[in-house]
Amino acid sequence: MKNRILRWRLIIPLIAVVIIVAVVALAILVPKTQAAPEQPIAFNHQAMVQMDIDCLFCHTDARRSDAAGIPSVEKCMGCHKVVDTTVPVIQQVAGYWQRQEPIPWVRVNVLPRYVFFSHEVHVNFGINCENCHGDVGHMSVDQQVVTMNMGWCLDCHEKQPGRYLTDCAICHR
């Protein structure tokens, strides 16, 4: 009886330590969505959507390239040479244009370097931007809304008839 009590006095703290280590490891190792990074210009996607400007108007590379791309200052100024020229945020964009500098945007959605993803394939298949990026049109600050990991991608592909991924090399290069 005494040995049993002694054994439980050792086992209970050991179990508690294992549980604490597991919780800490999960908190560190499980990928999470990140808070929105600070951007050089407070760009508001809501304003563009309210003007009925489609995502693909500015992110034209998404139709024909693996990367959707971040619009160039030239693309922005194509409209804003005449539209809202007195608005302070547009004047900031114009400043980059005049200095012939790219706007140093901070990427919001980042995949590991070893993952290959083609926007072109997904957009041309009819997948809406909102499926992965959330309802950016109602965000005043662009932020990551889903954890873009392998399980998340596979879950989406399982829902698409005939689009289940069976070859690792399709995404891992």
Over what distance in Å are the Cα centres of the range 55-71 and the range 100-173 separated?
13
Charge tally in the Cβ shell below 13 Å around residue 105, where Lys, Arg are +1 and Asp, Glu are -1, residue 105 excluded:
-1
Checking the range 100-140 for chymotrypsin sites (Phe, Trp or Tyr not before Pro) in a loop per DSSP with at most 11 other beta-carbon atoms within 10 Å yields 114
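Starting from the Kirkwood radius over alpha-carbon pairs of the range 120-173, derive D by Stokes-Einstein at 37 °C in a medium of 0.692 mPa s and give it in µm² s⁻¹.
It comes out at roughly 258 µm²/s.
Extension gain residue 36-residue 17, at 0.36 nm per residue separation less the Cα-Cα distance, in nm?
3.4 nm
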Starting from the Cα of residue 98, step 7 Å along the direction of its Cβ; do the same at residue 121; then give the gap between the two resulting points in nm.
4.5
Value of relative contact order over the chain, rounded to a whole percent, pairs C-alpha under 8 Å and six or more apart:
29
Computed FRET efficiency, Cβ-Cβ of residue 166 and residue 146, R0 25 Å: what is it to the nearest 0.05?
0.60
Using +1 at the C-beta of Lys and Arg and -1 at the C-beta of Asp and Glu, which of 136, 72, 47 has the Cα lying farthest in the positive direction of the dipole of the chain?
136
Please work out how much length the chain gains when fully extended from residue 131 to residue 110, using 0.36 nm per residue of separation minus the C-alpha to C-alpha distance, in nm with one decimal.
6.0 nm
Between residue 82 and residue 138, what's the calculated FRET efficiency when r is the beta-carbon distance and R0 is 30 Å? Round to 0.05.
0.65
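How large is the Kirkwood hydrodynamic radius of the range 28-121, in angstrom, based on all distinct alpha carbon pairs?
Averaging 1/r across every pair of different Cα atoms and inverting gives 15.2 Å.
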Label point 7 Å out from residue 53 along Cα-to-Cβ: which residues of the range 127-142 have amide N under 16 Å?
136-142
How compact is the chain by the rule of thumb for globular proteins, expressed as Cα Rg over 2.2 N^0.38 Å?
1.50
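A short reminder: the numbers here are calculations on the coordinates, not readings from a lab. All of these numbers come straight from a predicted model, not from anything done at the bench. A quick note on method: Cβ atoms are made from the backbone with ideal geometry, for glycine too, and the neighbour counts reach across all protein chains shown.
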